[in-house]
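J.: I have a structure I would like to understand better, so I am pasting it below and will then ask my questions one at a time.
The values are calculated or read from the model by the stated rules, or taken from the named source; none is laboratory data. This one's a predicted model, so the numbers in the text were calculated from it and none came from an experiment. Every residue, glycine as well, gets a Cβ built from its backbone with ideal geometry; the counts of neighbours run over all protein chains shown. Areas reflect the complete protein model, heavy atoms only, side chains present, ligands, DNA and RNA absent. Shrake-Rupley method; radii C 1.70, N 1.55, O 1.52, S 1.80 Å.
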Amino acid sequence: MAVLLAGGTFAAGVVLLRRVGAARQVKGRIAGLNYFPGVKVLETIIHVPAGWPGHRAGQFAFALSDASEGAHPYTIASGWHPEHPRITFITKELGDHTRRLKERLKVGQEVRVEGPYGCFTFDDDCRNQIWIGGGIGITPFIARMKHMALRGESPDWPLGQTADLFHTTSDVDEGALAKLGEDARSAKVRLHLLVSARDGRLTGARIREAVPNWREASIWFCGPASFGAALRRDFAAVGFPVEQRFHQELFDMR
């Protein structure tokens, strides 16, 4: 009992002193800010000159720019290369804090970044991957494409493997969509863009029609949980091995 009490007391002290994850924290400085009004998204580029261990596409990190708000988790939207030590976050206005970021953040401002965390890292040996990004869920796929373009023939991208990216959105910003198209071309990824009001809903049937070899592919989904659950049930109903090859980012913290 004494050992358990001592361990609990130590853990409580670490939490109260805000030392959780301290060994994974680095200081950075904002190098660029780009706002896309059509989708209410802010792109923040952070220069991390020292200490960042590197990250894999699909991982996330905590960023702290205002001590009164505390650190917030964001999926990383950039690849990593030691010669270009920068991290990019793409943040959608979903609450009071994120709505204020475009006014509060300034180029040159110091921020603290903690991470990386997460295992939504595209690891498999399927000949084709199907990527589905709903709304701001496009972020990990942007990171993956930037990584592929930066590294060329990446050692973690099996030779001959291809990818189809489906992005469905209800908001439109021509600048953001142009950047997405450029990233897809640079990474040699086939982009399927659906604007809800114009093209209707994305369904499993539409995906299977666009990707003839879907039975041999793996599926990577990031977006609204209910949308992912519906697609998972749809593919399970046609015999797709969802337990082994349907990967979904469960980005839910409290």
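J.: Does region 129-149 contain any residue that is open to solvent by 20 Å² or more (accessible area, probe 1.4 Å), without any contact (Cβ under 8 Å) to a residue 24 or more places away in the chain and out of contact with any strand residue (DSSP E or B) (no Cβ under 9 Å at 6 or more places or on another chain)?
T.: No, region 129-149 contains no residue that is open to solvent by 20 Å² or more (accessible area, probe 1.4 Å), without any contact (Cβ under 8 Å) to a residue 24 or more places away in the chain and out of contact with any strand residue (DSSP E or B) (no Cβ under 9 Å at 6 or more places or on another chain).
J.: Quick one: which residue in Pro49, Pro37 is over 19 Å from Leu180 (Cα atoms), surrounded by fewer than 19 Cβ atoms within 10 Å (Cβ to Cβ), at pLDDT below 95 and not acidic (Asp, Glu)?
T.: Unique residue meeting the criteria: Pro49.
J.: Which numbered condition in (1) at pLDDT 95 or above; (2) out of contact with any Phe, Trp or Tyr (no Cβ under 7 Å at 6 or more places or on another chain) is the only one that His192 fails?
T.: All conditions pass for His192, except number (2).
J.: Phe120: more than 18 Å from Leu64 (Cβ to Cβ) and not aliphatic (A, V, I, L, M), yes or no?
T.: yes
J.: When you scan region 194-220, how many residues do you find that are hydroxyl-bearing (Ser, Thr, Tyr) and closer than 28 Å to Ala178 by Cβ?
T.: Selection size over region 194-220: 2.
J.: It is to be established whether one or more residues within region 218-230 are farther than 22 Å from Gly58 by Cβ and either open to solvent by 50 Å² or more (accessible area, probe 1.4 Å) or in contact with a strand residue (DSSP E or B) (Cβ under 6 Å, 6 or more places away or on another chain) (or both).
T.: Taking every residue of region 218-230 in turn, none turns out to be farther than 22 Å from Gly58 by Cβ and either open to solvent by 50 Å² or more (accessible area, probe 1.4 Å) or in contact with a strand residue (DSSP E or B) (Cβ under 6 Å, 6 or more places away or on another chain) (or both).
J.: Quick check on region 120-128. Is at least one of its residues open to solvent by less than 30 Å² (accessible area, probe 1.4 Å) and assigned to a strand (DSSP E or B)?
T.: Among the residues of region 120-128, at least one is open to solvent by less than 30 Å² (accessible area, probe 1.4 Å) and assigned to a strand (DSSP E or B), which makes the answer yes.
J.: Would you point out the residue of region 205-217, among those that are buried (at least 16 other Cβ atoms within 10 Å of the Cβ) and touching a strand residue (DSSP E or B) at 6+ places or on another chain (Cβ under 9 Å), that is farthest from Ile130 (Cα to Cα)?
T.: Arg206
J.: Here's a follow-up. Among the candidates Leu202, Leu177, single out the residue that is of a type in the set (A, V, I, L, M), crowded, with 18+ Cβ neighbours inside 10 Å and out of contact with any Phe, Trp or Tyr (no Cβ under 8 Å at 6 or more places or on another chain).
T.: The conditions single out Leu177.
J.: In region 191-227, how many are touching a residue at least 40 places away in the same chain (Cβ under 8 Å) and under 19 Å from the mean Cα position of the chain (by Cα)?
T.: Number satisfying all stated conditions: 8.
J.: Let me ask something additional. Quick check on Thr98: is it modelled with pLDDT under 90, open to solvent by less than 40 Å² (accessible area, probe 1.4 Å) and among the β-branched types (Val, Ile, Thr)?
T.: yes
J.: Looking at (1) in contact with a Phe, Trp or Tyr (Cβ under 8 Å, 6 or more places away or on another chain); (2) open to solvent by 10 Å² or more (accessible area, probe 1.4 Å), can you tell me which one Ala77 breaks?
T.: Ala77 satisfies every listed condition except (2).
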